[in-house]
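Data first, discussion second: the structure below is written as structure tokens.
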């Protein structure tokens, strides 16, 4: 994780469950997110994993514990069954095998542990328009088509990724509604309203995910079974216009 991607992501703070005592921030960059969370919850113990040498220097001063390396390769350095929350903020898309990383996380959790993740939405109109109109797309230094992204996700493929990796999504929330093109924003929002939200997926830059293990695979044997009715889709739209930079 390059330190140029360091982003506070205050929009993700509220997704970390109440009562969490120890978190693991995977791809923590300079530790800005964990530091902000700890300011809100002073008793919180923060652990981070980061591979970028420039970022780790600052992260060490912001976090209780820092492991230098890539995940899940360094998971043997982590205490089993001890994390209440593992955070993947704009990280899974940079991994060769994000499913392997998610599966490797299950044994690290406490009995009530959760994953919190932010994942870019490649179904945004800015991407689709490039392909549909121009028949092409170009990688960029940052954003949805960041040249360091190895994987691309839509809402449906996020659901499949977590299910295939042994997770039950409790909450999936569209974040950072972003307009497209020159059409008035009010018109674009109006169209989404008339379509009862069915068009919103084309405007979200990211999805926030909260998930728990889908079966009894946690280290202490108290994992919960998945609900039969699938994940709860939160209708909230987080649109602060400033914190949702896609890495």
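No value in this document is a laboratory result; all are computed from the given coordinates. Every value quoted in this text rests on a predicted model; they were computed, and no experiment measured them. All Cβ positions, glycine included, derive from the backbone under ideal geometry; neighbour counts span all protein chains shown.
Structure values in brief
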{"read-out": "Volume per residue of the C-alpha convex hull in segment 33-142, rounded to whole Å³", "value": "141 Å³"}
{"read-out": "Separation of the residue 21 and residue 128 label points, Cα + 7 Å toward Cβ, nm", "value": "4.6 nm"}
{"read-out": "Computed Rg/Rh of segment 101-163, alpha carbon atoms with Kirkwood Rh", "value": "1.10"}
